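Input: a single structure, listed below in structure tokens.
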Amino acid sequence: MSSSSTATDCNVDSIMALMGGTIFHFIVGVKIMWGNVAPYITSYLVQFDPEVSYHNTLHVYTAVFLCQALFMYSGGQLEKKIGARATAYLGALLISGGTYASSYCKSISSLILFQAIVGVGIGISYSAPILCGFKHFKQKGIVTGVITTGTGAGPFFFGLIATTYVNSENFPVDPITGLYDPTTSPVVGRVPGMFRILGTLYAIIGFVGASLLISPSTTDGDRVDETSLTRVENGENTPLNKNKAVDIYGEAMKSDENETIRTSSSHAKGGRSHQRYGSRVKFTTKLELTTKEMIRDSLCWLLIATAITTGVSGFYVAATYKNFGQTAIADDHFVTVVGCLGCLSSGLSRLLWGYCADKIGHFQTLELTAYLSPAVLLIYNLTVSSKIAFGLTVCSLYGLWGASYCLMPTIAAFLFGDKHMGTNYGFIFLIFGLSCTFLIDTCGFLGWSFYTLNYVFVVIGFIGALLCSQIRFLTSSIKDEKALKHHRNTSSVGSML
């Protein structure tokens with residue numbers, strides 16, 4: 001590899017890895033198309049069990065999400081041992097195999113089992129393409145944004161394919177039950193074929209994407225270390241000179257004392273100072289926390305709480321938008337296209353959020369989207385009878401939801417380091433997934449109307465926005481002298497929470 005290529009990050013291996021990661025994430029994001037196919041699958045299962053309802057099949061969706069969360073940590077460990085490509089191959093096998101096997105299910109329990117296998121595949125392989133991209137490029141916000149674009153683009157295409165195959169005639173659901181008649185509607189009989197088509201497509205696309213995940217050669221080792229010594233926030237991605245100290249505070253933060261400002265100093269390499277809170281910070285060293293060390297830091301739990309309250313509403317809307325929309329709009333094709341465009345919005349918006357994060361800061365971008373999401377969800381709940389308003393709000397909610405997926409991995413790497421990023425983010429996503437699964441499953445058991453539940457998630461969203469403000473405050477540059485002295489005398493951010 002030439003030195004010029006290395007300096008600019010632009011070489012064949014890097015571009016191929018970025019393309020492969022984006023293609024692979026086409027199948028990683030398939031869970032968010034559940035809302036599109038839920039009416040078909042629920043109607044299909046009713047012929048075997050008349051007691052099945054939308055609230056019951058919501059547990060199929062949460063099974064995928066739960067297993068993804070449970071195996072994200074294992075995926076990070078596996079990527080370290082066998083590499084990104086082999087990890088992605090395994091994930092593609094599980095995702096496609098579980099989907100194809102679902103075509104033989106005639107009970108909700110068996111469908112939960114096979115869709116759980118899909119969730120395992122997603123969990124194992126989700127971070128592998130992102131970690132591979134981090135090894136090639138310095139600008140982590142853009143890398144995460146580009147790769148996770150596939151997470152929204154995949155469900156867009158797969159959702160259209162599923163509806164075109166199952167309901168090309170645009171048959172409406174029964175206005176009373178909200179389902180297709182399992183005895184007369186041709187839609188119901190096409191569900192097994194839909195699973196087989198999707199399973200085959202997932203296998204082809206997944207294996208193509210995985211094959212393009214090329215890790216940097218061993219001669220790039222020094223480059224990867226150099227890349228880690230960068231300014232993460234606000235687009236300040238210029239590599240730092242490892243042999244030259246940098247004033248991390250600037251003139252506004254200078255003190256008469258020649259005292260080193262430290263955080264978790266036992267983890268700082270070479271005894272040099274490190275400041276990990278500011279969004280306009282230059283690093284003189286890299287703070288690397290193992291997962292066990294991260295768990296003991298209160299900032300980890302604040303980040304998890306923020307992820308839960310800002311992200312769960314998106315999962316809920318992705319699972320229920322079609323059921324909710326069809327209570328007022330008797331047009332399956334329209335609602336399907338809206339959902340597919342929403343998935344695409346989720347993917348494309350991640351480029352926007354990644355760009356904004358590199359320009360104005362990851363924490364500021366997350367805070368902005370956190371306040372917008374519950375406001376848009378409130379409008380969504382009040383304007384469902386209008387096709388235009390429904391379409392715009394669904395696409396907006398998906399787009400805003402994409403910010404959490406795009407920004408959280410990079411924020412975790414910024415706060416706790418890159419070295420253990422796979423396992424660290426796996427743990428964060430595990431707790432996030434367990435909590436979101438509990439919340440959404442509880443909604444299924446309560447049996448409340450979608451209209452009422454929407455208000456519940458509006459409240460949760462505003463709580464998440466307030467937590468975003470808190471975490472942004474704690475991670476901003478400390479310029480107040482009183483806070484600065486307090487910061488110098490502490491070894492963990494936990495005392496500031």
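Conditions (1) more than 28 Å from Tyr73 (Cβ to Cβ); (2) at pLDDT 85 or above; (3) not in a loop (DSSP other than H, G, I, E, B), marked per residue:
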residue	(1), (2), (3)
Gly426	no, no, yes
Ser435	no, yes, yes
Cys443	no, no, yes
Val456	yes, yes, yes
Cys468	no, yes, yes
| task | Consider Thr144 carefully, then state whether it is under 20 Å from Asn424 (Cβ atoms) and among the β-branched types (Val, Ile, Thr). | result | yes
| said: On the basis of being of a type in the set (Val, Ile, Thr), open to solvent by less than 10 Å² (accessible area, probe 1.4 Å), farther than 30 Å from Gly178 by Cα and under 20 Å from the mean Cα position of the chain (by Cα), does Val143 make the cut? | reply: yes
| said: If Ser349 meets every condition in (1) touching a helix residue (DSSP H, G or I) at 6+ places or on another chain (Cβ under 7 Å); (2) open to solvent by 20 Å² or more (accessible area, probe 1.4 Å) apart from one, which number is that one? | reply: (2)
| With Gln115, Gln68 as the choices, which residue is surrounded by 24 or more Cβ atoms within 10 Å (Cβ to Cβ), without any contact (Cβ under 8 Å) to a residue 60 or more places away in the chain and assigned to a helix (DSSP H, G or I)? | Gln115
| query | Out of (1) surrounded by fewer than 22 Cβ atoms within 10 Å (Cβ to Cβ); (2) touching a helix residue (DSSP H, G or I) at 6+ places or on another chain (Cβ under 7 Å); (3) modelled with pLDDT of 90 or more, what's the single condition that is false for Pro172? | reply | (3)
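Could you list, in sequence order, all residues of the range 296-312 that are under 24 Å from Ile460 (Cβ atoms) and open to solvent by 20 Å² or more (accessible area, probe 1.4 Å)?
Ser298, Trp301, Leu302, Ala305, Ile308, Thr309, Thr310
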| request: Those residues that are touching a residue at least 60 places away in the same chain (Cβ under 8 Å), in a helix (DSSP H, G or I) and over 19 Å from the mean Cα position of the chain (by Cα), I need them from the range 71-83; list them, please. | output: Lys80
| message | I need the full set of residues from the range 87-97 which are in contact (Cβ under 8 Å) with a residue 60 or more places away in the chain and not aromatic (Phe, Trp, Tyr), in order please. | response | Ala88, Gly91, Ala92, Leu93, Ile95, Ser96, Gly97
| query | Somewhere in the range 138-160, is a residue out of contact with any helix residue (DSSP H, G or I) (no Cβ under 8 Å at 6 or more places or on another chain) and either in contact (Cβ under 8 Å) with a residue 40 or more places away in the chain or assigned to a helix (DSSP H, G or I) (or both)? | reply | no
| said: Among the residues in the range 99-109, are any out of contact with any Asp or Glu (no Cβ under 7 Å at 6 or more places or on another chain), surrounded by fewer than 24 Cβ atoms within 10 Å (Cβ to Cβ) and outside any helix (DSSP H, G or I)? | reply: yes
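Residues are listed down the side, and each one gets a yes or a no for (1) open to solvent by less than 10 Å² (accessible area, probe 1.4 Å); (2) out of contact with any Gly (no Cβ under 8 Å at 6 or more places or on another chain):
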{"residue": "Pro374", "(1), (2)": "yes, no"}
{"residue": "Thr383", "(1), (2)": "no, yes"}
{"residue": "Tyr398", "(1), (2)": "yes, no"}
{"residue": "Cys406", "(1), (2)": "yes, no"}
{"residue": "Asp418", "(1), (2)": "no, yes"}
{"residue": "Phe427", "(1), (2)": "no, yes"}
{"residue": "Cys436", "(1), (2)": "yes, no"}
{"residue": "Gly447", "(1), (2)": "no, yes"}
{"residue": "Phe457", "(1), (2)": "yes, yes"}
| request: Could you tell me whether any residue of the range 161-168 is of a type outside the set (Lys, Arg), closer than 26 Å to Phe429 by Cβ and in a helix (DSSP H, G or I)? | output: no
| task | Scan the range 29-65 for residues that are of a type in the set (Ser, Thr, Tyr) and either part of a loop (DSSP other than H, G, I, E, B) or open to solvent by 10 Å² or more (accessible area, probe 1.4 Å) (or both) and jot them down. | result | Tyr44, Ser53, Tyr54
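The values are calculated or read from the model by the stated rules, or taken from the named source; none is laboratory data. All figures in this text were calculated on a predicted structure; none of them were measured in a lab. Ideal geometry is used to build each Cβ from the backbone, glycine not excepted, and the neighbour counts take in all protein chains shown. Side chains are part of the model used for accessible areas, which takes the heavy atoms of the whole protein and leaves out ligands, DNA and RNA. Shrake-Rupley method; radii C 1.70, N 1.55, O 1.52, S 1.80 Å.
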